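Notes follow once the structure below has been shown.
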């Protein structure tokens, strides 16, 4: 067993800050890396040491294996935590870390390869007779191939990237005529996001819930699961609101899905923390979707409900310790919900919103957790993911968790970028979310922000402060409010 | 001070700062306003508390209240005339210029100048935050002009193409 003394965190934003917290609590030193725009980001300020990656784009910074390993060597770390996204699910990166004599805090490289390619994962699962969504088990080669598969399973279909998740490279296709174009779009997106443009096809299941199981596996062959997270509230196939437990979960289904997830982990020789994702249809049949071989964005809801620090578990497993818990010791307590606060225009199809944060008052108080990678002055650029922070609440039951989240969202104030907060508020108030019947089609089916009217008092508040604001800025009689020509394109240029 | 006409999202309000209080659409309100920091205000309306912010996006002033963002337009007589003129000019030429809805990188031009296109057709692709966004036309017609080339970075509001 090798005690880890110093970790390089190969990531940015909230997850880099999050990992740094657990490491510090364990008495482990931390090393941050940063791109030029991230020079003064919180993860740089919090870590014990920080080194520049000299560059701006992801490709020349957080995705550059060589640069990261050079820093690891210079800083004399003994382990690297990849976080999520970026290099976290790159077999090549895990191998390179091991080859440099360092511990990769995650699964073995070959496991990442096996499960990271969604097609070989599907092959493995088929071999173990675990139900998967109908589709291809190997990447599609050309349009002819794709068309054949699509016709045999029937439209609508989903095109997905073989090399990664997070909704990047994922596209729904309804008709034959859209297939060629959509494949090209998906390939481009996948290449940019994962450096891998292989794609595969899956049958589109009409009204499923997205439910995933968190697993922990040590190097001694012990594997447990930490129950489920439901992540059905998604836009553009990316999760926005997650909760644990799922409102439709039964003890029996949890045991069954948990056992299946553990079986998959075993079959893959899995070590460290991982997540097995399933689609669950309205008759509670579940289909394997994919394994995410890393810490998930939404891991805090599991931490709140099970009282386990998943990042600490990852580090302990990586230093060769046995799991401190057996399956029977794992018990859910209360209910947790997470909302992702992303810089997006909720009222404009969730388009990215860039800008500098000028005011930032995250929620506080009992049962509220805020994991953030931003502060006043942080510039949200087009180079990286638009997620700014995660707001997590823990309540005695689901009802209290929803009430707490509504309160926390009302309290949360941010200015300088538009965010997903109004959307999350809409979700907390929506009947389908409250009664728990929501599916992954929730947004498409229900979301109309304009249906929430602006109260008259708010209009008065805006109008009256406008007078003071424009007077203070010397624009009382000026052009600040002149009719802009932009109103024309705002209504016409739009996003698919 | 005379009446000011403001458009706040879909609301049109007439406000007047009178000695006896603030008049909104002719109704007097007891309003207590305090500037907290630059662009940040606390407003008490008959005791009810609002915390709001101002921010300029794309040269337009916006109010942020309860994390919802509303564009504010101020109307003077001159503005109304100008708007009427712009509208007539546009109706006459029937040309619509589509602008970038977000900052990003043009990765692909799908359709070329002089082509006939139909409503809903993708004209070009803008990549932002690693997502590829196909920019479609909401108007059928002929592509008169494409203002950008592939690999060109665009700011929000930059003209992309004109359909006539």
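Structural remarks
- Taking the listed residues A:311, A:393, A:305, the one that is over 28 Å from residue A:102 (Cα atoms), in contact (Cβ under 8 Å) with a residue 12 or more places away in the chain and part of a helix (DSSP H, G or I) is A:305, with no other qualifying.
- Members of region A:27-57 found to be touching a helix residue (DSSP H, G or I) at 6+ places or on another chain (Cβ under 6 Å), surrounded by fewer than 23 Cβ atoms within 10 Å (Cβ to Cβ) and assigned to a loop (DSSP other than H, G, I, E, B), listed by number: A:53, A:56
- Meets criteria (away from chain B (no Cβ under 14 Å), part of a helix (DSSP H, G or I) and touching a strand residue (DSSP E or B) at 6+ places or on another chain (Cβ under 6 Å)) for residue A:401: yes
- Exactly one residue among A:98, A:11, A:54 is in contact with a strand residue (DSSP E or B) (Cβ under 9 Å, 6 or more places away or on another chain) and farther than 30 Å from residue A:307 by Cα, and that residue is A:98.
- Screening the candidates A:85, A:106, A:165 for the property of being crowded, with 17+ Cβ neighbours inside 10 Å and modelled with pLDDT under 90 yields one hit, A:165.
- One residue stands out in region A:168-190 among those that are free of Cβ contacts under 8 Å to residues at least 40 places away in the same chain and outside any helix (DSSP H, G or I): the one that is surrounded by the most Cβ atoms within 10 Å (Cβ to Cβ), namely A:169.
- Only a single item in (1) in a strand (DSSP E or B); (2) touching a residue at least 40 places away in the same chain (Cβ under 8 Å); (3) more than 27 Å from residue A:382 (Cα to Cα) is not met by residue A:8, and it is number (3).
- Residue check for residue A:376: over 28 Å from residue A:189 (Cα atoms) and within 11 Å of chain B (Cβ to nearest Cβ): yes
- Test result for residue A:25, within 20 Å of the chain's Cα centre (by Cα) and either within 20 Å of residue A:87 (Cα to Cα) or modelled with pLDDT of 95 or more (or both): no
- Looking only at region A:191-228, and only at residues there that are within 17 Å of residue A:293 (Cβ to Cβ) and surrounded by fewer than 18 Cβ atoms within 10 Å (Cβ to Cβ), the one that is modelled with the highest pLDDT: A:219
- The set of residues from region B:19-31 being surrounded by fewer than 14 Cβ atoms within 10 Å (Cβ to Cβ) and either touching a residue at least 60 places away in the same chain (Cβ under 8 Å) or within 10 Å of chain A (Cβ to nearest Cβ) (or both) comprises just one member, B:27.
- Of all the listed residues (A:359, A:335, A:370), the sole one being surrounded by fewer than 18 Cβ atoms within 10 Å (Cβ to Cβ) and in contact with a strand residue (DSSP E or B) (Cβ under 7 Å, 6 or more places away or on another chain) is A:370.
- Any chance residue A:43 is closer than 20 Å to residue A:219 by Cα and in contact (Cβ under 8 Å) with a residue 60 or more places away in the chain: no
- Scope region A:58-114; condition part of a loop (DSSP other than H, G, I, E, B), more than 16 Å from residue A:193 (Cα to Cα) and in contact with a helix residue (DSSP H, G or I) (Cβ under 8 Å, 6 or more places away or on another chain); matching residues: A:100, A:102, A:105, A:106, A:107, A:108
- The set of residues from region A:269-304 being over 18 Å from the mean Cα position of the chain (by Cα) and under 20 Å from residue A:222 (Cβ atoms) comprises A:269, A:270, A:271, A:272.
The values are calculated or read from the model by the stated rules, or taken from the named source; none is laboratory data. Fair warning: this is a prediction, and the values are worked out from it, not measured in the lab. Please note: Cβ atoms are built from the backbone with ideal geometry, for glycine as well, and neighbour counts cover all protein chains shown.
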